[in-house]
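Notes for the one structure printed next.
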Amino acid sequence: MIVRCAAGACGAEGANDIGGFVSGLVLALAVNGLVWGLIIALIALGLSIIFGLLDIINVAHGDFFMLGTVVALVLATSTGSYWLALLLVPIIGFVVGLVLERVIIRPTIRQASLTIVTTFGLSMMLQEGVRATYGAQPRRMAAPIEGTIPLFGIDYDVYRIFAAAFAALCLIAFFVFLTRTKLGTWIRAVRHDPETATALGVPVARICAITFGLGTAMALLGGAIAAPITTVEFRTGVDILPFCFMAVIIGGLGNLQGTVAAALLLAVMEGLVTSVTDPTIARIVSLGFMSAALLVRPNGLFSGATR
Amino acid sequence: MTAKIISRAALILTFVALAAVPMVVPMLSSPFWIDIIAEILIWSLLAASVNLLLGYVGLLSFGQALYFGVGMYGAALSVIHWGAGFWGGLAIGIVAAMLMAAVAGSVAVRLTWHYFAIITVVFSLILYFAAMSAKPLTGGDDGISFSAPQIFSLGDLKLSLADQSVQYYTILLVVAGIYALFSIVVRSPLGVRFVAVRENNRRAALIGINVYLTRYVAFILAGALAGASGALFAFFGRYASASYMFYHVSGEAVVWAIVGGAGSLLGPLFGTGLLIVLREIISAYWEHYLFVVGALTILVVMFAPRGLAGLWSDALQLLFVSKGTARSDNLVDTEARAQPKPATNVTRGG
């Protein structure tokens, strides 16, 4: 297994002048971290809402991301339009999530400790399923927006800026949905107190299904956004998953805003550490940071924030 | 009584069958299967280490591959650098894994349930990445290989792992010995404390059991099991690789333990056996056997959450209840002892 670091140095090509190179590189890696941080925040948020509502640890979440990259690539090449793929992937993700919730999650939800095992089984099925159909060959996808813009003395890909902005937009849209719509209010109500929500006529089972669908859709959407800036193969989920877990833990299990903040913090930190050493050390640093956070503040760094 | 006798007979039969493998298998099929069965015996110890934590203490560890890897490198490096023999390498591997578990466990056992599962993965990932980068020592992904040392030499009598039968019997001896120790531990007062902590840690604390210490001891013993598995695997394959420390290996061990039946002594052995035999058979026809393993895992959790061991005890019960010969109170008693409660009822500790 090769360590493929998600937040690694992959966007800083071509320095304009040698003088500004070092500081430019550091800044570019930090920006890279921010771009990945926003995408990962979207995926980790999906993990976080599933955890918060259904109380399960979804080990297959990284593979949902991988499925998003693969489906985006397949759709974009078959329809010829990346934008159509970007629109369709989250819808497919939502449907996949609904089906999986009904078939796999709901029958095993009562054995909460075993859902880690069922989702691990699901993860194996997704990886091998993609490997059997799409193939084991890693592929790259052409960026739908070409060109670079100068950023801190380095030519930076325009698509990465777009990806960051789009991910940020999706994050904002999700929080607006959660606080301003009836469905969002119901989701928050079920998170808060399922018994009372049932008594007040909220269809709890349906809300759980919708939440799992939404969480899955967010992971696939993250994959569709990230497809042009990462390799597309059946194993990418394996790298993303620990990172998402770190964000969810450091942000506090079930704390949605905390998850987003932690994802950004971790990604920028990994970006900066990568500028002085190699990505593997950067990953070890974040994992160490996470264990410290888990032991010192088991409810997350931002436990003051509202659930 | 009858159910107990049948269970004991099955245990003896299993051991006899395993002991007869090098003589019987070449008559029926390719000697290649001897190595597969040896591999099952070795991996089953890793499943047993998951089982000790999940089935007896109620902690789901997703990081046992770390101690497997430490045991593996402990054995391999001591043979390469210190010229250790088989038994020395095995002992060093086990002790190294126990030390690693003592360090990681001192913080991990303070957490329960989700947090415990996550922190064990995190520790295994940290060490996995570290082992991957420390190429000069560990060989990283490619690993390091060594030649197998002698097991035993007395005058002209020299036993070496190069002989397939000797290797098989050595592995069987070590694995059976470890299972015997495991069975003594879970029947001892310590084993009773394990189960008390699993069932209700607050009540256990109230009757004077030190919950942390009990979990800590279990964690170190589980580390020893995983370490023994890793050390044996190093001798079996004559190499050690950091890729075995990845969390997928831990996940597979959890699957083996659950399919076999967490909370039963030998369940994980049969779970490991079933899945590895399936792998060998399916992968001959279809390379994507992991797809089948994943589906099987989900089906077992859905329809037989107590695994093969649960099916076995249900079958025994059905057999004797339908005959109406067995005294039910005795049967229940046997059941309760042979089958501590399934892991599905693991309480969420506070």
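The values are calculated or read from the model by the stated rules, or taken from the named source; none is laboratory data. Keep in mind that this is a model prediction, so the values were computed, not measured. Note: ideal-geometry Cβ built from the backbone for every residue, glycine included; neighbour counts use all protein chains shown.
Points to keep in mind about this one:
- Test: A:V99 is out of contact with any Gly (no Cβ under 6 Å at 6 or more places or on another chain) and within 14 Å of chain B (Cβ to nearest Cβ): yes
- Within the option set A:G223, A:G201, being outside any helix (DSSP H, G or I) and away from every other protein chain (no Cβ under 14 Å) holds for one residue only, A:G201.
- Per the conditions (1) surrounded by fewer than 14 Cβ atoms within 10 Å (Cβ to Cβ); (2) under 21 Å from the mean Cα position of the chain (by Cα), the sole criterion not satisfied by A:G62 is (1).
- Within segment B:38-60, the set of residues being more than 8 Å from the chain's Cα centre (by Cα) and either modelled with pLDDT of 95 or more or among the aromatic types (F, W, Y) (or both) comprises B:Y56 only.
- Filtered by the rule that a residue be under 18 Å from B:V107 (Cα atoms) and either hydrophobic (A, V, I, L, M, F, W, C) or not in a helix (DSSP H, G or I) (or both), segment B:193-212 gives B:V197, B:N210, B:V211.
- Selection of first residues in segment A:187-208 that are under 17 Å from A:S48 (Cβ atoms) and of second residues that are polar (S, T, N, Q) and modelled with pLDDT of 85 or more, restricted to Cβ pairs under 6 Å at least 6 apart or on distinct chains, gives the following pairs, ordered by first then second residue: A:I187/A:T211.
- Qualifying residue in segment A:97-108 (condition: over 20 Å from A:I225 (Cα atoms), touching a Lys or Arg at 6+ places or on another chain (Cβ under 8 Å), assigned to a helix (DSSP H, G or I) and of a type in the set (A, V, I, L, M)): no
- The residue that is surrounded by the fewest Cβ atoms within 10 Å (Cβ to Cβ), counting only those in segment B:292-310 that are hydrophobic (A, V, I, L, M, F, W, C) and more than 11 Å from chain A (Cβ to nearest Cβ), is B:A304.
- Reported count of residues in segment B:106-126, each being of a type in the set (S, T, N, Q) and at pLDDT below 85, is 1.
- Filter pass, B:V195 being in contact (Cβ under 8 Å) with a residue 24 or more places away in the chain and closer than 30 Å to B:P22 by Cα: no
- Comparison of A:I18, A:I50 shows that the only residue that is at pLDDT below 90 and assigned to a helix (DSSP H, G or I) is A:I50.
- From the options B:F270, B:F236, residue that is more than 23 Å from B:M100 (Cβ to Cβ), aromatic (F, W, Y) and either at pLDDT below 85 or surrounded by fewer than 24 Cβ atoms within 10 Å (Cβ to Cβ) (or both): B:F270
- Filtering segment B:86-116 to residues that are out of contact with any Phe, Trp or Tyr (no Cβ under 9 Å at 6 or more places or on another chain) and more than 14 Å from chain A (Cβ to nearest Cβ) leaves B:A91, B:I94, B:V95, B:L99.
- Some residue of segment A:107-130 being within 12 Å of another protein chain (Cβ to nearest Cβ), farther than 30 Å from B:R306 by Cα and among the charged types (D, E, K, R): no
- Test: residue in segment B:274-291 that is buried (at least 20 other Cβ atoms within 10 Å of the Cβ), modelled with pLDDT of 85 or more, farther than 30 Å from A:A136 by Cβ and of a type outside the set (K, R): no
- Scan of segment A:227-254 for residues that are more than 14 Å from chain B (Cβ to nearest Cβ) and either more than 29 Å from A:A76 (Cβ to Cβ) or not in a helix (DSSP H, G or I) (or both), ordered by number: A:T230, A:T231, A:V232, A:E233
- Any hit, segment B:255-265, residues being within 8 Å of another protein chain (Cβ to nearest Cβ) and touching a Gly at 6+ places or on another chain (Cβ under 9 Å): yes
- If you go through segment A:90-148 and keep only what is aromatic (F, W, Y) and within 12 Å of A:N58 (Cβ to Cβ), you end up with just A:F120.
- Top-ranked residue in segment A:108-144 [being within 20 Å of A:A205 (Cβ to Cβ) and free of Cβ contacts under 8 Å to residues at least 40 places away in the same chain; ranked as surrounded by the fewest Cβ atoms within 10 Å (Cβ to Cβ)]: A:R110
- Residue match in segment A:79-92 (condition: part of a helix (DSSP H, G or I) and either in contact with a strand residue (DSSP E or B) (Cβ under 9 Å, 6 or more places away or on another chain) or among the charged types (D, E, K, R) (or both)): no
- The set of residues from segment B:225-261 being in contact with a Phe, Trp or Tyr (Cβ under 8 Å, 6 or more places away or on another chain), part of a helix (DSSP H, G or I) and farther than 27 Å from B:L296 by Cα comprises B:G227, B:A234, B:F235, B:A242.
- Meets criteria (without any contact (Cβ under 8 Å) to a residue 40 or more places away in the chain and within 14 Å of chain A (Cβ to nearest Cβ)) for B:I282: yes
- A Cβ distance below 7 Å, combined with a sequence gap of six or more or placement on separate chains, defines the contacts here; from segment A:50-70, residues that are of a type outside the set (V, I, T) reach residues that are not in a helix (DSSP H, G or I) in the pairs A:F51/A:I57; A:F51/A:L253; A:F51/A:G254; A:G52/A:G254; A:L54/A:I109; A:M66/A:F234.
- Restricting attention to segment B:285-309 and to residues that are of a type in the set (S, T, Y) and without any contact (Cβ under 8 Å) to a residue 40 or more places away in the chain, the residue that is farthest from B:S29 (Cα to Cα) turns out to be B:Y289.
- Here segment A:147-192 is the region considered, the condition is being among the aliphatic types (A, V, I, L, M) and part of a strand (DSSP E or B), and the residue that is surrounded by the most Cβ atoms within 10 Å (Cβ to Cβ) is A:I154.
- Qualifying residue in segment A:268-289 (condition: assigned to a helix (DSSP H, G or I), of a type in the set (D, E), out of contact with any helix residue (DSSP H, G or I) (no Cβ under 6 Å at 6 or more places or on another chain) and on the phi < 0 side of the Ramachandran plot): no
- Any chance B:Y247 is modelled with pLDDT under 90, among the hydroxyl-bearing types (S, T, Y) and under 21 Å from B:G105 (Cα atoms): yes
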